[in-house]
Amino acid sequence: MGTAITARQPIVSGKTGLRWHMVMDPDALRHILEDRVKDCPKSTTTKLILNPAIGDSLFVAEGAHWRWRRRAAAPAFAQRHVDGLGPVMTAAAEASCRRLSAVRGPVNMRCWPAFALTGYRAAIPSRA
């Protein structure tokens, strides 16, 4: 899935084992994350994949804990900071691809997201 579809569509859906949806529209995201958060809890799968890699972070937290983390993180997402993350995230993704291509034999893809995200977590603070 290229970035073009995510820029054009308000919601992108797919299936990778389980059905998933990525909401891309800012107003829809705000509605879900602020107004309807109780109707859209984080899935157990999401928590099981993300928690080992990034801990009890903004991406895993819910409710009042999420709101507290979101307010604390908001300054980091100012446009001037986000613009600078493109090259850093690209470099981290390329490093993940190199690590995956260097593995000999079968790869347990159930473990790969945590492995890949650990690489992102390590790379971003050191380069941003």
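Coordinate-derived values only; no laboratory data. Bear in mind that the values here come from a model prediction, so they are computed numbers and not experimental data.
Overview of values
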read-out: Difference of contour (0.36 nm per residue) and Cα-Cα distance, residue 89 to residue 77; value: 2.9 nm
read-out: Difference of contour (0.36 nm per residue) and Cα-Cα distance, residue 21 to residue 34; value: 2.9 nm
read-out: For segment 16-103, average projected area of the Cα convex hull in nm²; value: 7.5
